[in-house]
Amino acid sequence: MKNLHEPDQMRGDFELTRREFIVAGTAAVALTALPGVGRAQPAATTSQSALPLTKVSFNVNGKLRELELDSRTTLLDALREHLHLTGTKKGCDHGQCGACTVHIGERRMNSCLTLAVMQQGASVTTIEGLGTPENLHPMQAAFVKHDGYQCGYCTSGQICSAVAMLREIKAGIPCHVTSDLTARPQLTAAEIRERMSGNLCRCGAYANIVDAITEVGGKSA
Amino acid sequence: MKFDTPATTNPIDQLKVIGKPTDRIDGPHKTTGTARYAYEHHEEVPNAVYGHVIGAAIAKGRIASIDLSAAKAAPGVLGIVTAENAGKLGKGEFNTAKLLGGPAIDHYHQAIALVVAQTFEQAVAAAQLVRVKYERSEGKFDLAAVKDTGVKPKPGLGGASDTAVGDFAGAFAAAPMQFDATYTTPDQSHAMIEPHASIAKWEGDKLTVWTSNQMIAWSVGDLAKTLGIPKENVRLISPYIGGGFGGKLFLRADALLAALGARAVRRPVKVALHRPLVTNNTTHRPATIQRIRFGATKDGKLTAIGHESWSGDLPEGAPETAVGQTRLLYAGANRMTAMRLAVLDLPEGNAMRAPGEAPGLMALEIAMDEMAEKLGLDPIKFRILNDTQVDPEKPERPFSQRNLTECLRTGAEKFGWKQRNPKPAQTRDGRWMIGTGVAAAFRNSLSMKSAARVRLDNRGMVTVETDMTDIGTGSYTIIAQTAAEMMGVPLAQVVVKLGDSQFPVSCGSGGQWGAHNSTGGVFAACTKLREAVAKKLGLDAKTAVFADGHVSAGGRSVPLGQAAGPAGLVAEDAIEYGDLDKKSQLSTFGAHFVEVGVNAATGETRIRRMLAVCAAGRILNPKSARSQVIGAMTMGAGAALMEELAVDKRAGFFVNHDLAGYEVPVHADIPHQEVIFLDETDPMSSPMKAKGVGELGICGVAAAVANAIYHATGARVRDYPITLDKLLGHLPPVA
């Protein structure tokens, strides 16, 4: 829902271009920056009355959490703003960067792309659920050892993604670079790079991240 | 501490902790999600409400009217800040455009309002109800079209607009071998993964802002100046920064609007720029057009070097200083450089990782490759032939250290350059055309004052406090290593506190000046603390040895904790510089080697190998320094192959303003990377004998990729990024 915001702005830009028959600079161009036209607007009588909250409960890092949320709340914002589990990062809020990757059950998911209320009854694991500074998960320890991060902002997503990705290889799920779809995928650098490409790292720690994952994957294989 | 004579032997030279590849001390926090970034301070600010920024939908003009009524009536809305109700605002020293626009609009997505609501969802929804009417005016958005209106910019960090030595025109005209080509580099975006974010809280007239900022003191000053309040009333806290690359050097709209919003609704307010706003609302690396001319003798000695660069920015803005390295990199008796700056009404151009050198070398180091080929010389030999040990514009100034030739030779050996067939388009690996390329890397090393405070407690714990920031560079760790080395304690005995304006003012993070200056400040403070410890114990500070948690002199050895006593000891000092950096030229050098495969049918380029050899003084932490270099190589790969902000030249904005449209390298784009640091120390740089490396790593990378593509295909592309559409039609026929 939240991502509707920018398309509206984009629409504003296109409106501008449609209206360019008006000579720019000499005539006023009227446009709505954020039109919201055609979108349900709160009627005057309901103004200031918030939308009813929705109850949702799911398991986070082994604990049952019950929340009453604005139904527009993403799982990402539920974790960060309501449960204060800020280890899961918001990089783009659009499913483009992977910084918000968490596990839903055994599988990785961009938590910005699912509403919290859609995860009723789910089992969510975040970076905080993998390990702690005193008791690091093997993947967390490998990231430290191989310097698989710099600023640290994509790191939670990289680690969550890496842990689930190794499970995918183990389960025999192929990917774009798997040459033989009938054989089990191997833990090669090419497989890791392809499968991790949904997690951007602008600091460019990729080579170190691959080393970290290779070490953990090699041990657990 | 004044650093005005070259460093001699000092405790850092023990290299017990410094110089060792050391895991980051903040690593366990960063890998467990327990490092707190700007938007994540629930504990300190439990009751913050949410601000959502609205950006201008035109590039230039005026707001005719804003109708806030529907938004104000929306559920949860607490207030809306606009220029109309924000009160009188100034403009920061480091800002070109105002951070809150209106009624005049200076660029697309300039912030025009902040909607504050109880929840994030309410703020976003209410922002969609704000109705804005604009009066749009004509703007200039096309660099090529306005290039010739460019004027000489004022001298700035990149030096004078023009330099000239000898008779360039005469020497160029007379040269038996001539080269003249024009290159373009596009606008680029920092695209750090953490968007700009801040939480602001007022207590009376005192303002505290948790933010994501590289330069704490600059931004305290600019926030105070913009708000018109004393800077003593402003505190910034920025312990972790989710990437900056120059994009967070300055006060930006998130911090200002959080402060204004919090003042308006009398509650703490948190603001993060939503991703699609980041590109056009904040700064970017400006595009350039660069013309390079060489004259040379037949045997390859450069006799004339000319480099001109055109870029654009908003009025009162600054140029992309793309000719800077050409003033220093190669010998040649007759030379000229010139920068011209045109007015563009695109968003504000400003520093991005290695401003000047990064785009400058993108052009210069292709030109060197082209000239070498013209001369029939190996590109490495050609560069070595024109190496210099003195500033070519001021030959009386030597370089403090210059091992460019050794970087090139070491790299050539390691990379297997000898086996290279100099003729392009000769090597195939199945459907892939294989090529290798080389480029020189160059970036200046800047001296900046930097202060720190060091505390010693009765347990022998050393605590460092400085407003220095760690933007992923590894500041926490190298500062801890410096304090551990100086005080003779293990790393675990050191606590480092960064990024708080209540701490002494450091150099901050930018321009690859962070490492040697911030640790230099810690060196100065620790020197003072050592003196205080010795004095308290009645020991001779000059001969006292600090090791294994003890201070020893004259046959006595006392544990540091005991020396500190229950009250502890505190020392504060700064490193300040004399004119060593004027007498000699402090720079860092490197060589990049790249192997690519270009798909013979599709023109797709894949990077297969990357090697960097760096000469950058003492490497304080080879582990994090290597990461800085591979990260910079990755950004350089992006610059070569994909990064380009697409300009809508009619509406005046960067179209691809998110992380899907603005493509940056992903895992699959980056091969194994190798980094070699030459073993050197530079006593002219600082007591640490170190220089920066984080920007050196990007300098020259894109040109090395470009040269490798040429070597693979025989197709020379002079306009970045080198996407497949620019290669198709120029590739050898597919057999």
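Read-outs throughout are calculated quantities, based only on the coordinates presented, and are distinct from any laboratory measurement. The shown structure was predicted, so the numbers you read here are calculated from the model rather than taken from an experiment. When we count neighbours, we look across all protein chains shown, and the Cβ atoms used for this are built from the backbone with ideal geometry, even at glycine.
Remarks
- Summed residue charge, Cβ within 15 Å of B:Tyr577's Cβ, Lys/Arg positive, Asp/Glu negative: 0
- In segment A:79-167, Cα pairs under 8 Å separated by at least six residues give a relative contact order of 33 percent.
- Alpha-carbon centroids, segment B:1-46 and segment A:172-221: separation in whole Å: 31 Å
- With a Förster radius of 41 Å applied to the beta-carbon distance between A:Thr54 and B:Asp180, the computed FRET efficiency rounds to 0.05.
- Projection of the Cα convex hull of segment A:56-130, averaged over all directions and equal to a quarter of that hull's surface, yields 4.2 nm².
- Sorting the segments B:212-220, B:629-637 by their residues' average number of neighbouring beta-carbon atoms within 10 angstrom, most packed first, yields B:629-637, B:212-220.
- Dividing the helix sum by the residues of chain B, where each DSSP H run of 4 or more adds -39500 (n - 2.57), gives a mean residue ellipticity at 222 nm of -7000 deg cm²/dmol.
- Once you reduce segment B:606-621 and segment B:436-500 to the center of their Cα atoms, the two points are 21 Å from each other.
- Dividing the mean sequence gap of close Cα pairs (under 8 Å, 6+ apart) by how many residues segment B:517-650 holds gives a relative contact order of 17 percent.
- Among beta bridges that DSSP assigns inside the protein assembly as shown, antiparallel share in %, nearest 5: 75 percent
- What separates the Cα centres of segment A:117-131 and segment B:682-734 is a distance of 43 Å.
- Antiparallel bridges, percent of DSSP beta bridges restricted to segment A:56-130 (to nearest 5): 85 percent
- Protection proxy ranking, peptides B:285-291, B:602-608, B:534-540, average beta carbon neighbours within 10 Å, highest first: B:285-291, B:602-608, B:534-540
- Simple label model, 7 Å out from Cα along Cβ direction - A:Glu68 to B:Thr149, nm: 5.9 nm
- Per residue, the convex hull spanned by the alpha carbons of segment A:163-221 comes to 74 Å³.
- Translational D in µm²/s for chain B (Stokes-Einstein at 10 °C, 1.306 mPa s, Kirkwood Rh from C-alpha pairs): 59 µm²/s
- DSSP-defined antiparallel bridges as percent of all bridges, chain B, nearest 5: 75 percent
- Counted by Cβ distance under 10 Å from A:Glu168, the other residues give a net charge of +3, where Lys and Arg count +1 and Asp and Glu count -1.
- Kirkwood Rh in Å, taken over the protein assembly as shown so that all alpha-carbon pairs contribute: 29.0 Å
- Charged neighbours of B:Glu135, selected by a Cβ distance under 11 Å, balance to +4 (K, R count +1; D, E count -1).
- Packing-based ranking of B:398-409, A:55-66 yields B:398-409, A:55-66, ordered from highest to lowest mean Cβ neighbour count within 10 Å.
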